[in-house]
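Working notes, beginning with the structure itself.
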Amino acid sequence: MNVPRVIASGLGCGFVPTAPGTVASALTLLPGVLLLTISHSLLVLAAASMTLAGLWAIRAARIDGDPAWIVIDEVAGQLLALYGLAHVSMLGVLLAFLIFRLLDVVKPGPIGWADRQGGAAGVMADDVIAGVVTAGILWAVGSRWPGALG
C-alpha cells in the first residue's frame, strides 16, 4: 500500500469490513473533541488539512469513483461538524455525529449535487458540505436555545 492510499483510507480504517465511513467518523470524534477543547481555530485547521490531504491522496492514487474505503472525506467532514459546538458536551458530540452521518447518507440538496460531481473534488465536497451544514444546525440550536446541547 502506498502513502496516498493510506491517507485516503483514513490511516487504514477505511478497510474495516462494515460501515467504514461511520467507523471513520466515530474515530474522528476523539481527536476532534481534543482539538475543540483547545481551539476552534485548530479544529478548522485540521479539517482544512484533511481536506487538502484527501484531494491530494485521491488524485495521487488515481482513484476512480468513490470506493467505500476512501474515508478521509468523512474525517474532514466530521471535524467540520464539531465546529458548530460552542463547547464540548456528550449530547453535542453525539448530535454532531448523528446529524453528520444522516446528511452524508441521505445527501439532500447541495450535498447530493456535490457527490454527483465525481473526481477528487466531488468525493471530498459532499462530506465537507455535510460537515458545514451540520455545524450550522448545531450553531443555530445552540444560539436559539443556549444550554440545549449540554
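Read-outs throughout are calculated quantities, based only on the coordinates presented, and are distinct from any laboratory measurement. The structure displayed is predicted, hence computed values, not measured ones. Here the Cβ positions follow ideal geometry from the backbone for every residue, glycine too, while neighbour counts run over all protein chains shown.
Quick look at the numbers
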quantity	calculated
Filter result (buried (at least 17 other Cβ atoms within 10 Å of the Cβ) and either outside any helix (DSSP H, G or I) or among the polar types (S, T, N, Q) (or both)) within the range 42-53	Thr51
Thr134 being touching a residue at least 12 places away in the same chain (Cβ under 8 Å), under 19 Å from Ala19 (Cβ atoms) and among the hydroxyl-bearing types (Ser, Thr, Tyr)	yes
Unique match (being within 16 Å of Asp127 (Cα to Cα) and assigned to a helix (DSSP H, G or I)) among Ala68, Ala96	Ala96
Test: Leu103 is within 12 Å of the chain's Cα centre (by Cα) and closer than 27 Å to Ala68 by Cα	yes
Residue list for the range 99-118, filter: in a helix (DSSP H, G or I), surrounded by fewer than 21 Cβ atoms within 10 Å (Cβ to Cβ) and in contact (Cβ under 8 Å) with a residue 40 or more places away in the chain	Asp115
Residue that is surrounded by the fewest Cβ atoms within 10 Å (Cβ to Cβ) [pool: residues in the range 71-93 that are without any contact (Cβ under 8 Å) to a residue 60 or more places away in the chain, part of a loop (DSSP other than H, G, I, E, B) and not hydroxyl-bearing (Ser, Thr, Tyr)]	His87
Single match in Ser41, Ser49 (criterion: without any contact (Cβ under 8 Å) to a residue 60 or more places away in the chain and either on the phi > 0 side of the Ramachandran plot or over 15 Å from the mean Cα position of the chain (by Cα) (or both))	Ser41
Qualifying positions in the range 61-98 - in contact with a Leu (Cβ under 7 Å, 6 or more places away or on another chain) and over 18 Å from Gly10 (Cβ atoms)	Tyr83, Gly84, Leu85, Val88, Ser89, Leu91, Gly92, Val93, Leu95
Which listed residue, of Trp145, Trp139, Trp56, is aromatic (Phe, Trp, Tyr), without any contact (Cβ under 8 Å) to a residue 12 or more places away in the chain and surrounded by fewer than 19 Cβ atoms within 10 Å (Cβ to Cβ)	Trp145
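For every residue, the table says whether it meets (1) among the polar types (S, T, N, Q); (2) farther than 18 Å from Asp127 by Cα; (3) surrounded by 12 or more Cβ atoms within 10 Å (Cβ to Cβ).
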site	(1), (2), (3)
Met1	no, yes, no
Ile7	no, no, yes
Cys13	no, no, yes
Pro17	no, yes, no
Thr22	yes, no, yes
Ser25	yes, no, yes
Leu30	no, yes, no
Leu34	no, yes, yes
His40	no, yes, yes
